[in-house]
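Reading through the structure tokens given below for one structure.
The values are calculated or read from the model by the stated rules, or taken from the named source; none is laboratory data. Computed from a prediction, not measured in an experiment: that's the story for all the values here. We place every Cβ from the backbone using ideal geometry, glycine too, and count neighbours over all the protein chains shown.
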Amino acid sequence: MAIQPMQGEPTIGRLVSDASRDISSLVQKEIQLAKSELKVSVKNGGTGVGLFAGAVFFLLMGLVMFSIGLAYLFHWNGDGLDLQWAFLLVFVIYLLVAALLGYLGYRKVQKVRGPEKAIAEAQKTKAALTTRGG
């Protein structure tokens, strides 16, 4: 004697179909979460790289004309520092600016992370499916 499903209750096939659809939707949502987390990390990484590029730009390009003018300003037609000390002072100032920009870029790059929330959700989903399925 076979057991007939009651009126209004879903069949096993219907339940499996619904579960399949829900799991597919859940996986898609987790992929979207991972993408949004990666966008934030890539943005921080790009900002850090941009700051490093700014440090290099100021170190290389700014040293040419402005440093010569600044050294002669420190020299002040012989009344200020000797010319070699004036150029050394300009060099030290540029090293400090480059160190500051490099430090700021390093801090931005350290904020780059993987999609931690999406990975945690995927692990929860996997654990829930394996404990109920087996």
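If we only count helices (runs of 4 or more DSSP H) wholly inside segment 1-116, which ones have 1 or more residues that are in contact (Cβ under 8 Å) with a residue 60 or more places away in the chain?
12-60, 83-110
State yes or no: is Thr130 modelled with pLDDT under 90, of a type in the set (Val, Ile, Thr), surrounded by fewer than 16 Cβ atoms within 10 Å (Cβ to Cβ) and in contact with a helix residue (DSSP H, G or I) (Cβ under 8 Å, 6 or more places away or on another chain)?
For Thr130, the condition - modelled with pLDDT under 90, of a type in the set (Val, Ile, Thr), surrounded by fewer than 16 Cβ atoms within 10 Å (Cβ to Cβ) and in contact with a helix residue (DSSP H, G or I) (Cβ under 8 Å, 6 or more places away or on another chain) - is not met.
Of the numbered conditions (1) loosely packed, with under 13 Cβ neighbours inside 10 Å; (2) in contact with a Ser or Thr (Cβ under 6 Å, 6 or more places away or on another chain), Gln84 fails exactly one; give the number of that condition.
Every condition holds for Gln84 apart from (2).
Kindly evaluate Lys124 against the criterion of being in a helix (DSSP H, G or I), free of Cβ contacts under 8 Å to residues at least 60 places away in the same chain and not acidic (Asp, Glu).
Judged against the criteria, Lys124 is a match.
Taking only segment 42-101 into account, find how many residues are among the hydroxyl-bearing types (Ser, Thr, Tyr) and modelled with pLDDT under 90.
Result for segment 42-101: 2.
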